[in-house]
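Report on one structure; see the data block that follows.
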Amino acid sequence: MSYSEDVLHGGDAMRFHRVRTLRRALIALIASILLYILFAYEPVNIPVLAFSPSTPDAPVYQSRPVYEYTSLYRLRANISFEERLEEQLVSLEREVRSKLLKEEKDLVAKKRIWQITTPDLAEAWKSWISQWRDNNAGWEYKLYTSPPTDLMPLFDSIPQIAEANQKFPSIREDLVRYLILWYHGGFYTAIDTWDRVAMRDCQPIVKVVEGKRDVSLVIGVDDDEPYLSSQTLKQWGWMRGFGFGQAVMWAPRRFDPILRRAIVRTISHVLVQESLPKGSWSQRQLSRIGSHIDTSGEVSGAGMFTDIVLEVLSESLADGHEIRDRDAGLERRVSWKKFRHMKEVMWLERNQLKDKSDEDMRGLAVLPINVWGSGQTHSKSGPSESDDACVNHVHGWRPKRHKIFG
Ligand SMILES: *[C@@H]1O[C@H](CO)[C@@H](O)[C@H](O)[C@H]1NC(C)=O
């Protein structure tokens, strides 16, 4: 259209245009009011709107790392109850060991892979299960699709264990795992894990498979983000920025003392959780975060486990040990500092302990994140197919655990 034509028809066109604009504006206004009413006056909370899995914001980091974490459950734990339970487990161990045959006295566990799940999940993860079974010649494979009935009778002398197992379904999965690994030893792996490399070919642990290392427990780093801001932690549904995993754990020897402590803490923490007065501040905190954060990790899972490992190392390692944190109190506690960006296996064997007593620790190996925790979108975990990735874990398929970010 040329300039002159535009001027010629300007009058009519303008009037028509104005009416149309007005009508459009009116429709838009009504639509917005309706939308506003729909969202603002929604009488029930729509959780989908509150926590929609939209593209999350980029993580925010802070300038100072956090290498220690204080659990609410520790602040309120009944220490005398814990000590009593621990003593009972120690005497059970003593009794079992006194009856062992000579060739069993070294406590070396059978080469055995344990998986525990439900019948439905066993069906759904069938090929993954076969991979574990078929990939590891010379290893016995044990799958439970219901709580193992032959387990609890072994702990008859400690009635609190069966009681807690019966009364608190939320801890069952973790408790049964620790009980099996403590009593029998062996390799536990969650149902959503893929055995990418056979145990005997997994370079970082091959010395343990061959019995050439003095360790009774092998664990791996799973979360390694100590610089995450509290705001991002919250967004990701994390309680803390670092931790060892417990979806895959291996007890090459029976009666590992760290696992013993895990049994005690699991029961103690669930009792704390139960005892929190309804409507108290701590309960409100827990229920508020509970809607999108899985607090079970702090009661009996990876968070709790991470704490006891750091604690046992702080108590047991020689005074000048290199993994002690110079900035963590006069006693130089072992914090997360030396586990950050670990590239090699950390061997913490008996010769590094403060005294010769093996009551609390009998050798621990910590694997870098890429061995059992690769393929995550954080913590520099490396790709699932990297050379040292021996086990792949489907992070976050369970809706409640670590929602979006592994
Ligand atoms: C702590 O545990 C002991 C031993 O089981 C028990 O007698 C005591 O009542 C418990 N204390 C509290 C405050 O629950």
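FYI, it's all coordinate maths here, none of it is from the lab. All values reported here derive from a predicted model rather than from experimental measurement. No Cβ is skipped: glycine too gets one built from the backbone with ideal geometry, and neighbour counts run over all protein chains shown.
Rounded to the nearest 0.05, what FRET efficiency do R24 and S229 have when you use their Cβ-Cβ distance and R0 = 41 Å?
Efficiency, rounded to the nearest 0.05: 0.40.
Want the number for S32 to E87: 0.36 nm per residue separation, take away the alpha-carbon distance, what's left?
13.1 nm
Mind listing which chymotrypsin sites (Phe, Trp or Tyr not before Pro) in segment 297-406 are in a DSSP loop and have 11 or fewer other Cβ atoms within 10 Å?
W397
Relative to the compact-globule scaling 2.2 N^0.38 Å, provide the ratio for the alpha-carbon radius of gyration of segment 298-349.
That ratio works out to 1.16.
Going by Cα centres, segment 110-173 and segment 368-387 are how many Å apart?
Cα centroid to Cα centroid, the span is 26 Å.
May I ask for the net charge around D214, where only other residues with Cβ less than 14 Å from the Cβ of D214 are counted and Lys, Arg are +1 while Asp, Glu are -1?
Value of the local net charge: +2.
Quote the charge dipole size of segment 72-393 about the Cα centre in Debye, to the nearest 20; the model charges only the Cβ of Lys and Arg (+1) and of Asp and Glu (-1).
That gives segment 72-393 a dipole magnitude of about 220 debye.
What pairs in K105/K343; K207/K356; K111/K337; K102/K126 have C-alpha atoms more than 31 Å from each other?
In this structure, K105/K343; K111/K337; K102/K126 exceed 31 Å between Cα atoms.
How many nm is it between the label spots at D355 and Y141, if each spot is 7 Å from the Cα in line with the beta carbon?
4.6 nm
Please give the contour-minus-distance gain from D319 to R112: 0.36 nm per residue of separation, less the Cα-Cα distance, rounded to one decimal in nm.
Separation in residues times 0.36 nm, less the Cα-Cα distance, equals 70.9 nm.
Ranking I129, I267 by Cβ neighbours within 10 Å, fewest first, what do you get?
Lowest count first: I129, I267.
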